[in-house]
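This report concerns only the one structure given below.
The values are calculated or read from the model by the stated rules, or taken from the named source; none is laboratory data. Predicted model only: the values in this text are computed from it and were never measured. Cβ coordinates were reconstructed from backbone atoms using ideal geometry, including for glycine residues, and neighbour counts include every protein chain displayed. All accessible areas refer to the heavy atoms of the entire protein, side chains included, with ligands and DNA or RNA removed. Shrake-Rupley method; radii C 1.70, N 1.55, O 1.52, S 1.80 Å.
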Amino acid sequence: MLVITTVSCANVPQLAADLLVSTLGLQLRQKLPCGSMYPFVAAEGGEIRTALELYANEEVSVLLQRSPVLPDRIDDFVELVRKIAQDQEVILLTSADAATRTDEDMRRDRVFQPEGLDDLQGVGELRELCEALKPSRTLCLFAYQGDNREDAKALASAVIPRDAWKEPASWAHVYGAPVSIGEDGMFW
């Protein structure tokens, strides 16, 4: 099974992939060429992270996209992903802008398989990937910007049902270092 993230609203798929990698102990297998994507590099635990990486174990692989695709390079990106996917079962993860939900959307399950893609806003290259890969499942969740850890856990649980997820170390200070309160802290 290959889980593919899209850069979409609130980055929930990337957070869900972080949970899958951390909880399942997936190992970095390959840093992929990312000339079709906006440049991205980050340090994490002494390692350099790039725009597109493949993590895997014997049972599951996660293609973690951390940067959007350049507008004129979508075809190149889709072709690269198609080569990686080959004959694997593919699950696409995306999130859509919660501000664009309809009344009908509000009655859906938290994580759902979209019936059509035309009305979903903020889903990145989802349309092109669905057309090219014919995934076995496309999982979507409506999200707002903010603390989306619980949304990520819901999306990851739709891929592999679990009661508990191991948050990666990189999440420890997502909103900054803990604030000291008291005599030596912020308030007195």
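Quick look at the values:
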{"read-out": "Candidate aspartates and glutamates - alpha carbon under 19 Å from Lys153, same-chain residues fewer than 8 apart omitted", "value": "Asp18, Asp97, Asp109, Asp163, Glu167"}
{"read-out": "In Å², nearest 10: area of Lys166 left accessible to a 1.4 Å probe", "value": "120 Å²"}
{"read-out": "Size descriptor, Kirkwood hydrodynamic radius, that averages inverse alpha-carbon separations across the range 56-99, Å", "value": "12.6 Å"}
{"read-out": "Distant alpha-carbon pairs in the range 46-129 (separation over 17 angstrom), percent", "value": "58 percent"}
{"read-out": "Using a Förster distance of 41 Å, the FRET efficiency for Asn57-Ala177 (Cβ separation, nearest 0.05)", "value": "0.80"}
{"read-out": "Highest-MSF residue in the chain out of Gln121, Gln14, Gln30 [GNM, Cα springs under 10 Å]", "value": "Gln30"}
{"read-out": "Ranking by accessible area, most exposed first, for Leu80, Leu26 with a 1.4 Å probe", "value": "Leu80, Leu26"}
{"read-out": "Apportionment of accessible area to carbon and sulfur, the chain, percent (1.4 Å)", "value": "48 percent"}
{"read-out": "Average projected area [Cα convex hull, the chain], square nanometres", "value": "13.0 nm²"}
{"read-out": "Protein-only accessible surface order, largest first, of Glu125, Glu89, Glu104 at 1.4 Å", "value": "Glu104, Glu89, Glu125"}
{"read-out": "Heavy-atom accessible area ranking, 1.4 Å probe, most first, across Met1, Met106, Met37", "value": "Met106, Met1, Met37"}
{"read-out": "Anchor Lys31: lysines whose Cα lies under 19 Å away (excluding residues fewer than 8 positions away in-chain)", "value": "Lys83"}
